[in-house]
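Take a look at the structure set out below.
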Amino acid sequence: MIEQIVFYLFAGMLVFSASMVVVMRNPIHAALFLILSFFASSAIWLLLQAEFLAITLVLVYVGAVMVLFLFVVMMLNINKVTVEEGFARHLPLGISVAVSMVVAMGLVVGSDYFLSERYTAVQQLDPNYSNAKELGIAIYTEYLYQFEIAGAILLVAIIAAITLGMSKLKITKAINPNQQVYVKKEDRLRIIKMQAEPKNKNEESDA
């Protein structure tokens, strides 16, 4: 009974925070509600005895990704007028996409696969059970190729992001040794002859 109350509490908090992420106009407030939704999701995973996934969600997404996202949002100069104009323009398309997603999720969740008896109650596991060990065994045995493909995709994404970020920068600090060896004094030094100028009368009076 207590587990059901806690589940409904965090589930309602998750639905509320996820809705506020979409509704809030301030991007910083939306990011803070997204952090709250991550905490609610991790609490639900703790109820499902998935401690490793719960702590990973808090440490990785809340502790690293969302902090970086907040810094990026605060450093960007977002024009709210342009954002509101684009929101009003694409509102019908967004509503249609949202309705189609809700219908698709309802068809998936309401299928016979999720209504089977194995999802009716959470199986109580042994205190010495390690879900991190079971997750590692599943990843590196049954889902090994999928895990390697995901790692390769992330590597390509990192290289692409660095390439796109550095393509517009022309200020490189690299030094060419060949140019330093064959440099001449005429290339670096220029001597200019200037005529002597008489002193100002004010300067002479001050002296």
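Key figures
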{"quantity": "Cα-based Rg of the range 130-169 normalised by 2.2 N^0.38 Å, two decimals", "calculated": "1.73"}
{"quantity": "Ranked packing of 128-140, 36-48, 99-111, 7-19, most packed first, by mean Cβ within 10 Å", "calculated": "36-48, 7-19, 128-140, 99-111"}
{"quantity": "The range 3-75: relative contact order as a whole-number percent, Cα under 8 Å and 6+ apart", "calculated": "30"}
{"quantity": "P(r) of the range 1-68 over all Cα-Cα pairs, binned every 5 Å from zero, in whole percent", "calculated": "4, 19, 24, 23, 17, 8, 4, 1"}
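Rule-based calculations on the coordinates, nothing more; no lab input. Model, not experiment: these values are computed from the prediction. No Cβ is skipped: glycine too gets one built from the backbone with ideal geometry, and neighbour counts run over all protein chains shown.
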